[in-house]
1. Collect the residues in the range 26-63 that are more than 25 Å from TYR82 (Cβ to Cβ), among the small types (Gly, Ala, Ser) and without any contact (Cβ under 8 Å) to a residue 60 or more places away in the chain, keeping them in residue-number order.
2. Is it true that TYR73 is part of a loop (DSSP other than H, G, I, E, B) and closer than 22 Å to GLY45 by Cα?
3. For residues in the range 54-76 being over 16 Å from the mean Cα position of the chain (by Cα) and within 19 Å of PRO90 (Cα to Cα), which is surrounded by the most Cβ atoms within 10 Å (Cβ to Cβ)?
4. Quick one: in the range 102-111, of everything that is open to solvent by 60 Å² or more (accessible area, probe 1.4 Å) and at pLDDT 95 or above, which residue is farthest from THR9 (Cα to Cα)?
5. Restricting to the range 11-20, name every residue that is of a type outside the set (Gly, Ala, Ser) and either over 13 Å from LEU99 (Cα atoms) or open to solvent by 10 Å² or more (accessible area, probe 1.4 Å) (or both).
6. If a residue has to be outside any helix (DSSP H, G or I) and aliphatic (A, V, I, L, M) to count, how many in the range 1-27 make the cut?
7. For the range 28-53, how many residues are assigned to a helix (DSSP H, G or I), modelled with pLDDT under 80 and open to solvent by 80 Å² or more (accessible area, probe 1.4 Å)?
8. What is the one condition in (1) farther than 17 Å from GLU133 by Cβ; (2) open to solvent by less than 10 Å² (accessible area, probe 1.4 Å); (3) not polar (S, T, N, Q) that VAL96 does not satisfy?
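The values are calculated or read from the model by the stated rules, or taken from the named source; none is laboratory data. Not measured: the values here are computed from a predicted model. Cβ coordinates were reconstructed from backbone atoms using ideal geometry, including for glycine residues, and neighbour counts include every protein chain displayed. Each accessible area value is taken on the protein alone, full model and side chains, heavy atoms only, with ligands, DNA and RNA left out. Shrake-Rupley method; radii C 1.70, N 1.55, O 1.52, S 1.80 Å.
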Amino acid sequence: MSSQRVVETLNQLLAAEYASILPRLRQSDPFVSLAAAEDRDTAYGLVQDSERHEKALTDLIMSLRGAPVPVSYDIDTTSYHYVTLEYLMPQIIQGVQSLIAAYSSAGSTNQREADALIARHLGDYQSRLASLEKMHSNLVS
């Protein structure tokens, strides 16, 4: 795969990261009740993963002499400042599932560093989803 195609693949993943609920969690800091205290650790672990993934994707795109896609948030997530973490859990789970689908469908770029990065990010999200599935089996489809 040409360097340009690798950059396109990485940019698609970067756009998926931006479009997920995770960057909004970082900005909105939803209310966490005592019942959702355990969820907070997992949710904020996801936020930290997302931040690292965005940076790693951007760095690799730039090292391949590409231009990262601009940040673009989902407009439907603007009201998340006024809700509880419990309310957001189904959207968080769905967001992680969407990110897993995006990384899984990326396929091989035939560029060692890019493929390793994609596999690492996919593994991060799969691990977090497994944790969420244990805590919220009723919300996982």
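1. SER63
2. yes
3. Residue satisfying both the conditions and the ranking: ASP76.
4. SER104
5. Of everything in the range 11-20, those that are of a type outside the set (Gly, Ala, Ser) and either over 13 Å from LEU99 (Cα atoms) or open to solvent by 10 Å² or more (accessible area, probe 1.4 Å) (or both) turn out to be ASN11, GLN12, TYR18.
6. 2
7. Here the count works out to 2.
8. (1)
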